[in-house]
Amino acid sequence: MADTLTCPVCHFANIPEGSDTCPQCDSDLVCFRLLDALPVAPRGDEPPVLPKPSGQNITESANRPKQYIRIPARSACAGLACLLILGLAFGYAAGNRFAVLEGAMKEVQSRLAGITAMMGDNRTAIRETSRAVQELGQTSAIVLKTVNHLQKTAETRVEKTADPAHAESAPAPPDTSFAAFPCFKQYQAKDTDTLWGISRVLYGSGFFYPVLLEHNSDLAIHNISRRDTLRYLCDLKAVPEICQKITAVRHGKRYWKYKIRPGETRRAVVRRYCSKNTDCLVEGTPFKAGMTIGIYLE
């Protein structure tokens, strides 16, 4: 059976003789092996007896050369080697710990950077959502105000029509032609513009973009670019009433009342006002010059 060792620290037995560390407490067995290899100074069973002081001259004793304890060079080298091994072991363990701590710090910094970026994205999304909600609320308020105004106007007209005294003097429907509104301004479009966005800037709501179509007959609704110059009304108060006159609802969808010009074809109208060349015209309406057809608004 091979020789075994016992750990002097934790007293773990049956350690192979060539092992450098204890498998239980990880103690350095090389150092203890070097200490065990140091020579032991011989000593007797009896304690050494010091010589009694004689009556010799004190001066002679004072002049006697001093004697120093000499440590064998082999023992000193072994001690230094043990200290060196312990220092290297401590340095290696400390270096490993510092490397682990450095890796953990880098991981924490990476996670903090990700959290900071995510919080920045969330702030941007919150600002965009808040802005969109605010614009939606403003548009809803304008549309609600317009609907209430139109409802009151319609009720007034019904009452006047029902009264024989006012039947002959009932006002005519508003004229949407250029002659009725001599004051127009111009807007130079950009490549990033949409008709809804232009209407929101000029008329206060994207809901009124059919009014822009009414006064810009050559405008392609889905192809706005910097080459387009749009006319828009100076009198913004007339916009809601015009929008109510030129639009209607069928099957829950809003459409624009468009008057066919001479020489126009159905295909040309679809290409100008429908997205992806899909037919967005109201069904059941004949297509002839001078007739009014319906074009569904998306």
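The values are calculated or read from the model by the stated rules, or taken from the named source; none is laboratory data. Model, not experiment: these values are computed from the prediction. For neighbour counting, all protein chains shown are included, and Cβ atoms are generated from backbone atoms with ideal geometry for every residue, glycine included. Please note that ligands, DNA and RNA were not included when accessible areas were found on the heavy atoms of the full protein model with its side chains. Shrake-Rupley method; radii C 1.70, N 1.55, O 1.52, S 1.80 Å.
Sequence-distant contacts, meaning Cα pairs under 8 Å at least 6 residues apart, place the relative contact order of the stretch 224-298 at 30 percent.
Taking amide H positions as placed 1.01 Å from N in the peptide plane, with prolines and chain starts having none, which residues 5 or more places from residue 21, or on another chain, fall under 5 Å of its amide H? Result for residue 21 returns 29. Listed here are the pairs 190/257; 190/276; 237/257; 253/288; 185/276; 185/245; which of them are more than 25 Å apart at the Cα? Too far apart for the 25 Å limit: 190/257; 185/276.
Taken per residue, the accessible surface of the stretch 235-298 reaches 62 Å², heavy atoms only and a 1.4 Å probe. Among the trypsin sites (Lys or Arg not before Pro) found in the stretch 218-263, those both in a DSSP coil and sparsely packed, with 12 or fewer other Cβ atoms within 10 Å of their Cβ, are 226, 227.
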